[in-house]
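Step one of this worksheet: look at the structure below.
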Amino acid sequence: MLRVDGLHTYYGRAHILADVSLDAAKGEIVVLLGRNGAGKSTTLKSIMGLVPAAQGSIRFLDREIAGLPSHEIARMGLGYVPEDRRVFAELTVMENLDVGRQGPRDAAPAWTPEKLFEIFPNLAEMRNRPGGRMSGGEQQMLTIARTLMGNPRAILLDEPSEGLAPVIVEQMARTIQALKAQGLTIVLSEQNLHFALLVADRAYIIEKGRIRYSGTMAALAADEAIRLQYLSV
Amino acid sequence: MSVLSVRGLRKSFGGVEAVAGVDFDVTAGEMLALIGPNGAGKTTCFNMLMGQLTPDSGTVSFDGADITGLPPRAIWRRGVGRTFQITATFASMTVAENVKTALMSHRGDLGRFFARATALHKDDAIALLDQVGMADQRDRACGVLAYGDLKRVELAVALANSPRLLLMDEPTAGMAPQERVALMELTRQLARARDIAVLFTEHDMDVVFGQADRVIVLNRGKLIAQGTPPEVRAHKAVRDVYLGAGTTSGGH
Amino acid sequence: MSALVVQFLNGLASASALFLVACGLSIIFGVSRIVNFAHGSFYMLGAYLAWTLTRGLGWVGYGPLGFWGGILIAALIVGLIGVLIELVLLRRIYQAPELFQLLATFGVVLVVQDLAMAIWGAQDLLGPRAPGLRGAFDVMGQRFPEYEMLLILIGPIVLGLLWLLFNRTRWGTLVRAATADREMVAALGVDQRKLFTSVFFVGTFLAALGGGLQLPREPVQLHMDMAIIADAFVVVVVGGMGSVGGAYLAALLIAQLQAFMLLVPDFEIAGLTISIARMTLIPSFLVMAVVLILRPYGLLGKAPSHARTQASVEPVVRATPPILAKLGFASVAAMILLPLIADEYGLMVATEILIFVLMAASLHFMMGPGGMASFGHAAYFGLGAYGAALAAKHFNAPMEAGLVAGPVLAALGGILFGWFCVRLSGVYLAMLTLAFAQIVWSIAFQWVAVTGGDNGVLGVWPSIGKTGFFYLSLAFAVIGVLLLRRAIYSPFGYALRGARDSALRADAIGIDVKRVQWAAFAIAASFAGSAGALFAYFKGSVFPTYAAIPKSVDALMMVLLGGVQTISGPLVGAIVYMGLHEQLVRVTELWRLVLGIAIIALVLAFPQGIAGFAAKRFAKEDGA
């Protein structure tokens, strides 16, 4: 589904990503673990074309997407949910969803607001509320729903649990499991290992812009040395 | 004895009560954690304590004096330090210059147009940075520091006016788990040593239950529980609205 | 009573025209974050083209079709010109700092001015009257033209159509979303380039329509662009950036006040005749002052969300590298020796450059360490010049006194205007500075009894010879630059940079952000005033153009060309820009055209400024 090979990204002269490679198969949930500043967000942004990749190959559905503008990548069926939410504060819930709307796609679930409200029941009660007047947890749900309106085949999810109350994080985990059941491929970045263990199939650990470890979630859970070295848990 | 005393604090936005009558105290040398779901009113509460927002009603007293509605700079001058959820430092200055600027402000130097700032309060700045373990990075620009280091610089800046109270809004947001505990342990040592009262909000339950002396829980603008960490952790209402089953927060 | 009603109706009619222009500006800013200086040029082009087309379409008769068709087609053509400019110019600089975008659009202003002059000539052109609407209504015994009545209706109609467009179409939803967060819109699969281009078309179309509709009301002439842009900026700031409804409200308020001001009779204070009716910018000033005190982001505006603006991290200010210090000493030494080798013309050019070095340094102080961009620094230059000239003219003051009076007047202006400006930040602040500069200009231009109006103040000659004056200017420039530099390294300079880097943090460590910025504003104004006072004696005369927009842009060009990040940059910028300017005026009549193209080319080539470019090129690790 998605394959990244030898990705290098710079901010100015600072080398943020060095030789990052990863892949995600159809229907798989892959998590990118690492500290703040390790390069998780930059990896997702580079895949999405929001930050230019200096070098390397990014293939989505066997097509090279490195260098394409973001909107073309999104139109191929790759969704992106940013960290720190970024709902359109002035727009209502329905309008927010409308911005994300794209046509139906083969081999991907076709979402409508009504179907989304089944997964995100909170949103149904506030269709006409402006995004800026929702709580953090509700906004996070809205950004995911908004991305799903594009009927993506795969989505990139940047730190979905950051800054949310534990009880909301648990809800988020159930949501992601529900999306996986729909056959969606998900690449997410996380710092919360407990959360990652609940939802992900495989993990990559990134540190200082380099991938240091990759393996199944079960293997990582069993490998205390690795966890202590990179995640300090 | 209580350093900060909050009584009947209220604030509404567009008819919605964000903070609906909150009372609590913080005593010298104590670490008090304020927790609650997103949108519970924690940040609003904080901004009223520090003067960014004026409460609709209620009082905030610091060291027995009413500071309700004073601007942030006046509250700071009375001895309240603050760190922000998203670090706020001066990116165009070095680590040492950030601390020096706070020292210059504390000592009333900032109106001077012709003095050379380089020479002022150098040793004091280094001493403060030493306490937070940042002295060796003093000549680096704040704009290029790692996030965890930036948080330490903020702590040093907040200590520059020898505060009696520290307000920390989600001090460990965006940090790696081990860094979180380390930063708050450091804060706790400093608070004990200097008898500073510390009020902080936090989402990391390891930090809350490991570092706080007392915890208060806010939900929909009201305090629903307070007590020691074990008491709050066992509180039924707190589990329902906030903590959940503990599957994603390390069993808390 | 009837006079009041007619004035009220006049105000409504003027408000419509103002609204069309201002809301276009506001919409374009909302989505692209570009403050489009060229918006006034599109308004002017709309009027000129409509003038031509309403005649050129004579074959369909001079009837309604020819008239309305002409105006509409003109607006469509200008809209397409706007699209062309967006495609070839703006699209390349969306990532550049906003002031560079502003400069690029000012380049367009210069180009359009010379082209319009070449095509339509310098004389005023009288437009046709609207067919079928030549009559007048009887309003309480007074005649009120039918055409004005139509204009009154057009404002609310356009407002309603825009509301539908923005709130009832997906395009409108996307535009509002992009106004909040462009990157996110792109990540959701929306081609923002197409969105921007279409918004630019709508905005320019509205401006040109506003211009075309003016045809029956006033002659078409070459100063329309600058006249309307200042008003439009005021309307946008008062209404709230990006708010269409706010723009209408603000246009109403200002146009009404302007209309009623005309009824205020002249009066005398201390023997000076004051004619409120002629000072048409004063009401705008009053409205703006009141609104900004009560609602800093305009009537219907919202505080800009700082989270989503890409904060450009300014570099650390380090000690001057020895090589640069040596270079500085060498150039001062060379300047001291200059009179030995240069002829009179060379000396004059050098003197002028020195004066502008001081001007650029003062603007840099405010923009760089102060973080307050000014589109209207000429206000203080002009106040300095008038301070000196008026002291000489009315009080027979000697040059020494004039050189004090100038900066004092400029500082007073800085204190007054700065008080308002520091309440805002970023581009809002910059637009406000421009509005204040226009007020200074209009007072100089309209208060003929004191300033001599367009004829200026003549005979302000220095009491020393050309070589002496050169050394005087050198002393002012060197001392001025050193003083400003010293202030940057002082505790005050740290407070100022702190306030710029993070107002939140500055406030939380006891810094009174507004007061510090206010002080910096006044300091910058007084140094610009010294430059202005020197310039008055250098030229021997003072004119309103000293405080006009092009002078402000000159100063901005110098600072931005040199690079706002470095202290030495503006000095380099002043020298390069003045040299370029001087040569151009000498060799070609169409110097605006060439200068405009040069500005555009420079912005495209060096989006970080010349010194910034050099610094990046040669810099070693500086922690950045």
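Residue C:556 falls short on exactly one of the conditions (1) open to solvent by 10 Å² or more (accessible area, probe 1.4 Å); (2) in contact with a helix residue (DSSP H, G or I) (Cβ under 7 Å, 6 or more places away or on another chain), and that condition is (1). Regarding residue B:62, is this residue facing chain C (nearest Cβ under 10 Å) and at pLDDT 90 or above? For residue B:62, the condition - facing chain C (nearest Cβ under 10 Å) and at pLDDT 90 or above - is not met.
Can you tell me which residues in the stretch B:147-164 are in contact with a Lys or Arg (Cβ under 9 Å, 6 or more places away or on another chain) and within 14 Å of chain C (Cβ to nearest Cβ)? Result: B:149, B:154, B:157, B:158, B:159, B:160, B:161, B:162, B:163. Put simply, of B:185, B:170 the only residue that is open to solvent by 10 Å² or more (accessible area, probe 1.4 Å), assigned to a loop (DSSP other than H, G, I, E, B) and touching a residue at least 24 places away in the same chain (Cβ under 8 Å) is B:170.
If you check residue C:500 against the conditions, is it of a type in the set (D, E, K, R) and open to solvent by less than 60 Å² (accessible area, probe 1.4 Å)? Steps first, please.
On the way: of a type in the set (D, E, K, R): yes; open to solvent by less than 60 Å² (accessible area, probe 1.4 Å): yes.
Judged against the criteria, residue C:500 is a match.
If the Cβ limit is 8 Å and pairs must be 6+ apart or interchain, which residue in the stretch C:449-475 that is assigned by TED's automatic domain parsing to the domain that holds residue C:361 pairs with which residue that is open to solvent by 20 Å² or more (accessible area, probe 1.4 Å) and of a type in the set (Gly, Ala, Ser)? Final answer for the pair search is C:457/C:392; C:459/C:392; C:460/C:392; C:462/C:468.
Would it be correct to say that residue C:217 is touching a residue at least 40 places away in the same chain (Cβ under 8 Å), outside any helix (DSSP H, G or I) and open to solvent by 30 Å² or more (accessible area, probe 1.4 Å)? Criteria met by residue C:217.
How many residues does the stretch C:59-104 contain that are hydroxyl-bearing (Ser, Thr, Tyr) and over 18 Å from residue C:193 (Cα atoms)?
Total meeting the criteria: 1.
Is it the case, given these coordinates, that residue C:172 is on the phi > 0 side of the Ramachandran plot and surrounded by 15 or more Cβ atoms within 10 Å (Cβ to Cβ)? For residue C:172, the condition - on the phi > 0 side of the Ramachandran plot and surrounded by 15 or more Cβ atoms within 10 Å (Cβ to Cβ) - is not met.
The single condition from (1) in contact (Cβ under 8 Å) with a residue 40 or more places away in the chain; (2) under 27 Å from residue A:26 (Cβ atoms); (3) at the interface with chain C (Cβ under 8 Å from one of its Cβ atoms); (4) not charged (D, E, K, R) that residue A:58 fails is (3).
Considering the stretch B:23-139, the qualifying strands (runs of 3 or more DSSP E), each wholly inside and each with 3 or more residues that are open to solvent by 10 Å² or more (accessible area, probe 1.4 Å), run over B:57-62. Considering the conditions (1) more than 30 Å from residue C:510 (Cα to Cα); (2) more than 14 Å from chain B (Cβ to nearest Cβ); (3) in a helix (DSSP H, G or I), residue C:432 is excluded by exactly one of them, (1).
Listed here are the residues, each with its yes/no results for (1) touching a Pro at 6+ places or on another chain (Cβ under 6 Å); (2) surrounded by 24 or more Cβ atoms within 10 Å (Cβ to Cβ); (3) outside any loop (DSSP other than H, G, I, E, B).
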position: C:461; (1), (2), (3): no, no, no
position: C:477; (1), (2), (3): no, yes, yes
position: C:495; (1), (2), (3): no, yes, yes
position: C:504; (1), (2), (3): no, no, yes
position: C:514; (1), (2), (3): no, no, yes
position: C:518; (1), (2), (3): no, no, yes
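Among the candidates C:27, C:34, C:71, the residue that is more than 30 Å from residue C:134 (Cα to Cα) and in a helix (DSSP H, G or I) is uniquely C:27. Residue C:528 meets the conditions (1) in contact with a Ser or Thr (Cβ under 7 Å, 6 or more places away or on another chain); (2) part of a loop (DSSP other than H, G, I, E, B) in every case but one. The failed one is (2).
Okay, residues lined up against (1) closer than 20 Å to residue A:4 by Cβ; (2) within 13 Å of chain B (Cβ to nearest Cβ):
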{"position": "A:139", "(1), (2)": "no, yes"}
{"position": "A:158", "(1), (2)": "yes, yes"}
{"position": "A:161", "(1), (2)": "no, yes"}
{"position": "A:171", "(1), (2)": "no, yes"}
{"position": "A:205", "(1), (2)": "yes, yes"}
{"position": "A:216", "(1), (2)": "yes, no"}
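Of the residues that make up the stretch B:167-180, is at least one closer than 26 Å to residue A:39 by Cβ, among the aliphatic types (A, V, I, L, M) and touching a strand residue (DSSP E or B) at 6+ places or on another chain (Cβ under 8 Å)? No, the stretch B:167-180 has no match at all.
Go through the stretch A:172-201 and report how many residues are buried (at least 19 other Cβ atoms within 10 Å of the Cβ) and either over 19 Å from residue A:222 (Cα atoms) or hydroxyl-bearing (Ser, Thr, Tyr) (or both). Going through the stretch A:172-201 one residue at a time, the tally reaches 10.
If a residue must be at pLDDT 85 or above and surrounded by fewer than 17 Cβ atoms within 10 Å (Cβ to Cβ), how many such residues does the stretch C:49-67 contain?
Qualifying residue count, the stretch C:49-67: 1.
The values are calculated or read from the model by the stated rules, or taken from the named source; none is laboratory data. Note that the structure is a prediction, hence the values are computed from the model and not measured. Neighbour counts are summed over all protein chains in view; Cβ atoms, including those assigned to glycine, are modelled from backbone coordinates with ideal geometry. Areas reflect the complete protein model, heavy atoms only, side chains present, ligands, DNA and RNA absent. Shrake-Rupley method; radii C 1.70, N 1.55, O 1.52, S 1.80 Å.
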